[in-house]
Every structure is written in C-alpha cells, then in structure tokens.
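Undergrad: Questions regarding the structure given below will be posed in turn.
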Amino acid sequence: MLITGVRLHSYRSYDELRFEPCDKLNVIYGANAAGKTNILEAIYLCAVGRSFRTRRDSELINRSSLGAYVALEVISRGANRRIEFKFSRGGKQVLVDGVPIKRMGELMGVFNAVLFSPEDLSLVKDSPEERRRFMDMELCQLRPAFFYRLQQYNAALKQRGALLKTALETGCAPDPIELDMWDDRLTELGGDIMLVRREFMDELSTLARDINLRITGGNEELFTFYKPNVRFDDGGRDDVRTALNNALYAARNEDIRKGMTTRGPHRDDVGILLDGLDVRVYGSQGQQRTAALSMKLSEIALMRAERGEAPVLLLDDVLSELDRSRQHELLSSAFDCQCFLTTATADGLEDLPEMAVFICENGGLTREGEDALPI
Ligand SMILES: Nc1ncnc2c1ncn2[C@@H]1O[C@H](COP(=O)(O)OP(=O)(O)O)[C@@H](O)[C@H]1O
Ligand SMILES: [Mg+2]
C-alpha cells in the first residue's frame with residue numbers, strides 16, 4: 001500500500017496543500033499546532049471514512065470556508081486508486097476512482113492504514129470503548145461486511161434504547177412483541193460481530209505475544225484475548241446467537257429499569273494479561289505501554305498477512321512518549337511500510353535510512369534534505 005499524492009483544500013488549517021511522499025519514512029516536522037496531525041487525520045479519513053478526532057465533519061472544514069476537499073492517490077494491490085472527500089456545510093460526498101460511492105462500506109479496504117497516536121499508548125488502561133475501537137477500526141478496513149453489521153447493530157441498539165427510555169419516562173411497560181423484534185435483530189447482527197471479533201483477537205494474540213517477547217528481551221509474556229460481554233461456547237453462529245438472545249431476554253427487566261440495553265457486544269472488552277496477571281491492575285506504566293505497542297504492531301502484521309501487503313503506518317507524535325528501545329522497535333516495523341511520522345523534536349530519528357523530511361510551518365509543507373533536521 002502506497003500513497004503517491006496527497007491534496008488538501010480548505011481542510012482544517014490548510015488553504016491548499018499538495019505533496020508527494022516518498023515510499024519509506026516521511027517525517028513531518030514542525031512546532032505545536034503547525035498542522036501536522038491535520039495531515040494524518042486526512043489520510044486516515046481515506047482509510048476509515050471518518051476523522052479519528054471528531055464525529056462532526058463540519059470541524060474539518062477550514063473556518064473561513066464553506067467546503068473542504070481531500071484527495072489521496074494510492075497504489076493498492078498494484079492498481080492506481082483515487083479517493084476523494086468533498087465536504088460542504090450540508091454533508092459530504094466520497095468518490096472512489098472518480099465515482100461517488102453510495103455507502104461508506106464501499107470505501108473500506110480500498111486503502112488500508114494503521115494509526116498510532118499517544119492515546120493508543122494508554123489503550124491498556126483506557127475504557128473498554130477504546131479497546132473495542134482498537135478491534136473495530138482494523139476489522140472495518142479488512143471486512144466491509146463487518147462494517148455494515150456494526151452500523152446496523154448500532155442503529156438497532158439505538159432503536160431498542162429509545163423504546164426502553166420511553167418506557168422508563170412514561171412508566172408504561174414497552175410492547176413485548178416490539179422488544180422481541182429488536183432482540184432478534186440485535187442477536188442476528190451482534191452474534192456475527194462477536195464471532196468476527198473473537199477470530200480477530202485469536203489471530204492477534206499470537207502476534208502480540210511474540211512482539212512483546214521481542215521488545216522485553218524474552219522476559220514478559222503477553223496474553224490478549226477477546227472478552228465478550230455475553231459469554232458463548234466455542235460452537236458457531238447458532239451458539240453465539242442463542243447465548244446473546246438468552247442474555248437479552250434475561251436482562252429485560254433490568255433494561256427496562258435502566259432505560260437502556262445492558263447486554264451485548266457494545267459492552268465487549270479485551271483482556272490483557274502479562275505473565276498471567278491483569279496488566280491494567282498490576283502492570284507498571286512501562287509495561288502497559290509496551291503491551292499497547294505490541295498490540296498495535298501486531299495489527300500491522302495481521303493486516304499485512306490478510307491483505308498480502310503492508311498498510312500505511314501513521315505515527316502521530318508517539319516517539320517522544322517512548323524510550324529508546326521501544327522507539328527502535330516501532331521504527332524498525334516502519335521500515336517495510338510506507339510511514340508518516342509527525343514530530344516536534346528530532347529525538348530518535350538520528351540514524352534512519354531513506355527518509356524524507358517535510359517541514360510543516362506557515363500553513364504549508366516543504367520538503368527538505370536530511371541535513372535540514374536539527375539533530
Ligand atoms: N476547521 C479549522 N479551520 C482552521 N484551522 C483549524 C481548524 N481545525 C483546526 N485548526 C487549526 O489547526 C491547528 C492544529 O493542527 P494540528 O494538526 O492538530 O497541529 P499539530 O502540528 O500540533 O499536530 C490549530 O492551529 C488549529 O487552530
Ligand atoms: Mg499533533
């Protein structure tokens with residue numbers, strides 16, 4: 001996976017920006033608030049269809065403009081592809097190879113990227129929501145069908161929630177037939193989500209374990225696993241559906257009392273153990289960060305294995321948060337991917353081969369020779 005051209009127009013702090021990255025490491029160097037993350041945000045947008053910083057597309061439009069435009073030229077599986085986003089104050093349009101797509105799912109898998117930001121380093125101790133996002137962001141890119149399922153599940157969850165909330169507010173019991181209908185819908189969609197997440201975590205676990213052993217010099221054994229909110233047997237689709245349907249039914253009174261759906265994959269989590277102990281509780285900050293790094297790096301390996309080519313790696317300001325050995329581990333995985341790295345210091349970049357340095361300042365990006373980096 002290779003980005004050959006980036007163009008931003010009226011996007012965030014940019015009026016007009018065009019640049020051609022190199023195939024290896026691209027360092028985007030600049031002061032705070034210079035606009036470095038804005039560039040990674042626009043690139044990641046083209047992989048997952050939305051910003052990783054906001055749900056509101058209107059924030060992406062330059063404050064003095066009525067619309068914004070993002071275009072990415074990529075080589076994906078040997079073919080030249082073009083992804084475009086056109087934002088207006090009223091909505092957005094996404095084009096792939098010049099053709100408007102009807103559903104966001106059509107974008108999934110066209111271009112793959114893995115993003116690593118300082119927030120990801122706290123993946124271990126963050127809320128379960130962040131760990132669900134960790135699974136889903138990659139799964140959506142790899143499996144468009146998963147993306148649709150998740151969208152439909154969330155829509156159904158909202159409807160069931162509205163029914164329960166109205167019941168709570170009015171004091172009238174909800175129609176059991178209507179509840180049955182929503183339970184069936186959630187069961188069908190949620191069951192598929194649970195199976196895919198489990199398969200994903202099973203594959204990721206081995207990779208993350210190996211990487212963590214490597215970073216810690218063979219000392220610390222990491223075990224990551226899927227922790228579904230509703231437990232299910234190892235069987236297939238029928239088992240998981242039965243378990244979920246029963247759980248929803250059993251929690252019905254509680255759900256009515258609370259005015260929300262308390263069971264299901266929207267409450268899933270990821271378990272993270274180090275030498276058999278919960279890293280959240282017993283791990284030092286360094287161990288928690290290493291575990292997060294291992295999990296993130298294994299996402300790259302997994303994507304490469306599934307897609308047959310490496311994703312583009314986006315590293316947002318993470319180097320300064322890591323010590324030398326972890327910096328080294330991270331950057332060595334960057335060597336065989338195209339990588340975009342933002343930084344405000346030259347720390348850790350001293351001996352890297354094949355990098356292009358872009359200075360980010362005054363609303364623009366200028367490519368410099370390597371010696372421009374003030375090391
Ligand atoms: N919609 C917008 N219109 C104009 N400027 C924006 C918009 N959104 C963010 N910015 C500006 O972008 C800058 C932050 O960019 P960012 O990429 O996060 O910086 P950094 O280089 O620190 O990563 C800030 O100066 C902010 O005011
Ligand atoms: Mg930033």
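The values are calculated or read from the model by the stated rules, or taken from the named source; none is laboratory data. Predicted, not measured: the structure shown is a model, and the values here were computed from it. Don't worry about glycine lacking a Cβ; one is built from the backbone with ideal geometry, like all the others, and counts go over all protein chains shown. Quick note on the areas: whole protein, heavy atoms, side chains included, nothing else; ligands and nucleic acids left out. Shrake-Rupley method; radii C 1.70, N 1.55, O 1.52, S 1.80 Å.
Undergrad: Across the range 300-309, in residue order, what do the Karplus-derived ³J(HN,Hα) couplings come to in whole Hz, using 6.51 cos²θ - 1.76 cosθ + 1.60 with θ = phi - 60° and x for Gly and Pro?
TA: Running phi through 6.51 cos²θ - 1.76 cosθ + 1.60 with θ = phi - 60° gives 5, 4, 5, 5, 4, 5, 6, 8, x, 8 Hz.
Undergrad: Output wanted: per-residue J couplings in Hz (rounded whole) for the range 10-26, from phi through Karplus 6.51 cos²θ - 1.76 cosθ + 1.60, θ = phi - 60°, x for Gly and Pro.
TA: 6, 9, 6, 7, 9, 7, 8, 9, 9, 8, 10, x, 7, 6, 10, 8, 10
Undergrad: Report the relative contact order of the range 251-375, percent, no decimals, based on alpha-carbon pairs under 8 angstrom and at least 6 residues apart.
TA: Taking the mean separation of contacting Cα pairs over the length of the range 251-375, I get 14 percent.
Undergrad: Okay, moving on. Might you report the magnitude of the Cβ-based charge dipole of the chain about its Cα centre, with Lys and Arg at +1 and Asp and Glu at -1, to the nearest 20 debye?
TA: Roughly 1320 debye for the chain.
Undergrad: Can you give the Rg to Rh ratio of the range 262-326, both from alpha-carbon atoms, with Rh computed by the Kirkwood formula?
TA: Rg/Rh for the range 262-326 comes to 1.04.
Undergrad: Can you give the relative contact order of the range 119-306 as a percent, counting alpha carbon pairs under 8 Å and 6+ residues apart?
TA: This gives 32 percent for the range 119-306.
Undergrad: Enter the accessible area of THR170 (Å², nearest 10), with the probe set to 1.4 Å and all protein chains included.
TA: Approximately 90 Å² of THR170 is accessible to the 1.4 Å probe.
Undergrad: Quantify, in whole percent, the carbon and sulfur part of the accessible surface of the chain (1.4 Å probe; protein heavy atoms only).
TA: Taking all protein chains in place, the chain shows 47 percent carbon and sulfur surface.
Undergrad: Measuring from centroid to centroid over Cα atoms, what is the spacing of the range 131-164 and the range 308-366 in Å?
TA: Answer, in whole Å: 31.
Undergrad: Hey, another quick one. At 222 nm, what helix-only mean residue ellipticity would the chain give, in deg cm²/dmol to the nearest 500, using -39500 (n - 2.57) for each DSSP H run of four or more?
TA: -14000 deg cm²/dmol
Undergrad: How tilted is helix 36-48 with respect to the longest principal axis of the chain? Cα atoms for both, answer in degrees (0 to 90, nearest 10).
TA: 50
Undergrad: Moving on. Alpha carbon centre of the range 223-259 versus the range 1-71: separation in Å?
TA: After rounding, the separation between the Cα centres reads 40 Å.
Undergrad: Along the positive direction of the dipole of the range 119-306 (beta-carbon charges: Lys, Arg +1; Asp, Glu -1; about the Cα centre), which of THR224, CYS140, GLY283 reaches farthest?
TA: Value: GLY283.
Undergrad: Largest first, what is the accessible-area ranking of ASP317, ASP234, ASP202, ASP268 with a 1.4 Å probe?
TA: ASP234, ASP202, ASP317, ASP268
Undergrad: Report the convex hull volume per residue for the chain, counting only C-alpha atoms, in Å³.
TA: Enclosed volume per residue, from the Cα hull, is 155 Å³.
Undergrad: Suppose every K and R has +1 on its Cβ and every D and E has -1 on its Cβ; what is the size of the dipole of the range 119-306 about the Cα centre, in Debye to the nearest 20?
TA: The calculation lands at about 380 debye.
Undergrad: Sorted by accessible area (1.4 Å probe), largest first, how do HIS9, HIS328, HIS266 line up?
TA: Ranked from most to least accessible, the order is HIS328, HIS9, HIS266.
Undergrad: Additional query: Classify the range 118-184 as rounded, prolate or oblate from the Cα gyration tensor: take a ≥ b ≥ c as the square roots of its eigenvalues, call it rounded if a/c is under 1.5, otherwise prolate when a/b beats b/c and oblate if not.
TA: oblate
Undergrad: In square angstrom, rounded to the nearest 10, how much accessible surface does SER117 have for a 1.4 Å probe?
TA: For SER117, solvent-accessible area is about 10 Å².
Undergrad: If you don't mind, another one. Per residue, how much accessible surface does the chain expose to a 1.4 Å probe? Answer in Å², no decimals.
TA: About 45 Å² of surface per residue is accessible.
Undergrad: Using a ≥ b ≥ c from the Cα gyration tensor of the range 8-98 (square roots of the eigenvalues), is it rounded, prolate or oblate, where a/c under 1.5 gives rounded and otherwise the larger of a/b and b/c decides, a/b for prolate?
TA: Oblate.
Undergrad: Say we join alpha carbon atoms closer than 10 Å with springs in a Gaussian network model of the chain; which of GLY217, GLY363, GLY49 then has the biggest fluctuation?
TA: GLY217
Undergrad: Further question: Enter the accessible area of ASP233 (Å², nearest 10), with the probe set to 1.4 Å and all protein chains included.
TA: It works out to around 110 Å².
Undergrad: Kirkwood Rh, the range 217-357, all Cα pairs: how many Å?
TA: Roughly 18.6 Å, rounded to one decimal.
Undergrad: Give the cross-link partners of LYS258 among the lysines, using a straight C-alpha distance below 26 Å as the criterion and excluding same-chain residues fewer than 8 apart.
TA: Hits, sequence-local ones excluded: LYS158, LYS165, LYS227.
Undergrad: Taking only Cα atoms, what is the 0 to 90° angle, nearest 10, from helix 128-142's long axis to the longest principal axis of the chain?
TA: The angle comes out at about 70 degrees.
Undergrad: Each residue of the range 262-278 in order: what ³J(HN,Hα) in whole Hz does its phi give by Karplus 6.51 cos²θ - 1.76 cosθ + 1.60, θ = phi - 60°, with x for Gly and Pro?
TA: Karplus-based 3J(HN,Hα) across the range 262-278 equals 9, 10, x, x, 6, 10, 5, 8, 10, x, 9, 10, 10, 6, x, 10, 5 Hz.
Undergrad: Return a whole-number percent for the relative contact order of the chain, with Cα pairs under 8 Å and 6 or more residues apart as the contact set.
TA: Rounded, it is 25 percent for the chain.
Undergrad: How far, in degrees from 0 to 90, does helix 324-334 lean away from the longest principal axis of the Cα atoms of the chain, to the nearest 10?
TA: The angle comes out at about 90 degrees.
Undergrad: With only alpha-carbon atoms counted, please give the Rg and Dmax of the range 119-306, in Å.
TA: 18.3, 61
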